[in-house]
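The values are calculated or read from the model by the stated rules, or taken from the named source; none is laboratory data. What you see is a predicted model, and the numbers here were worked out from it, not measured in a lab. Neighbour counts run over all protein chains shown; Cβ positions are idealised from the backbone, glycine included. Note: accessible area is taken over every heavy atom of the protein model, side chains too, but ligands, DNA and RNA are not part of it. Shrake-Rupley method; radii C 1.70, N 1.55, O 1.52, S 1.80 Å.
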Amino acid sequence: MTADTSSVALDVIKHVGWIKFDRSPVNAFEWSMVREVETAIDTMVADPEVRVLVLGSANPKYFSAGADLEVFRDIDEPGMREWCELAHGIVHRLRDSPKPVLAAIAGIAVGGGLEMTLHADVRFASDDARLGQPEVNINFIPPVGATQALARLLGRPAALQFLYDGGLIDAQRAMTIGLVDNITAADELEATVQRYGESLASKPPEALAALRRAIVFGGGMTFDDGLALEASLATQLADTTNFVEGVSAFLSKRSPEWRR
């Protein structure tokens, strides 16, 4: 499946669904693009052919320049509240996805575009990527869940330093502090992410969804509440056809045949 909207391009390759920012020249977000991303996530989650989602860019030089600041030129408090509500709708969709979410970050990645990747499970960056959250420089804060995600990903001191600085860091520094998880050559980024996505797509969907829920939501709970969530998910998995098949295949020393 291949589909295009004015600002977001969708493509499904071997069960890996790509959501690519595609607003020339620098993938800067305005109202319609934010809504299109929201719709794109819904489309990919609902598509039975899609087993893994990837956030990427159609422009190898710019993953995203963040918000188009023309949107903010005359924005008032109700307008900003609506903008934040839309942004948080994307956050919830990414975090609630039962399917793994990956990010392929190439080129410049700042502001809201980078923030969206913080809610992905694994972030891959090109070796020429430069990343940053410059909102402090316009007397603002990142409104796409970055304050909460970065505190959990990087820890409090590193998150605050990154946001206080408001500058760009290179891919190697980003991996050192935990902002990205893998670095690859720019011309190999999409192929690398596609291969990883295909490897996830071959695994049983219920287990992937349960692992994602246990980590994403359990990580924000007390330890005992997280254990209760873990037990609940494990109990649910034990009642699935794929659990019976997985155990049987392992004991029979054969490859499992997962039901989708």
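Some notes on this structure:
- Candidates per GluC sites (Glu not before Pro) in segment 201-260, loop by DSSP, up to 12 other Cβ within 10 Å: E257
- For segment 37-139, applying the loop criterion from DSSP together with a ceiling of 11 other beta carbons within 10 Å to the trypsin sites (Lys or Arg not before Pro) yields R73.
- Loop trypsin sites (Lys or Arg not before Pro), segment 175-231, which have at most 15 other Cβ atoms in a 10 Å radius of their Cβ (DSSP): none
- Accessible surface, per residue, of the chain when the full set of protein chains is kept, probe 1.4 Å, Å²: 51
- Restricting attention to segment 1-113, close to 40% of DSSP beta bridges with both partner residues there are antiparallel.
- Accessible surface of the chain, 1.4 Å probe, proportion on carbon and sulfur as whole %: 55
- For the chain, the share of DSSP beta bridges that are antiparallel, to the nearest 5, is 35%.
- Residue-wise HN-Hα couplings along segment 164-171, as the Karplus relation 6.51 cos²θ - 1.76 cosθ + 1.60 with θ = phi - 60° gives them from phi, are 4, 5, x, x, 9, 10, 7, 4 Hz; Gly and Pro carry x.
- Euclidean distance of C-alpha centroids, segment 79-157 and segment 1-71, integer Å: 14
- Applying 1/(1 + (r/R0)^6) with R0 = 30 Å to the Cβ-Cβ distance of I215 and N139 gives a FRET efficiency near 0.30.
- Per-residue SASA entry for D96, accessible area with 1.4 Å probe, Å² rounded to 10: 90
- With Cα atoms, 0 to 90° folded angle of helix 241-252 axis to the chain main axis: 60
- The distance between label points at S199 and T222 comes to 3.8 nm (points 7 Å beyond Cα on the Cα→Cβ vector).
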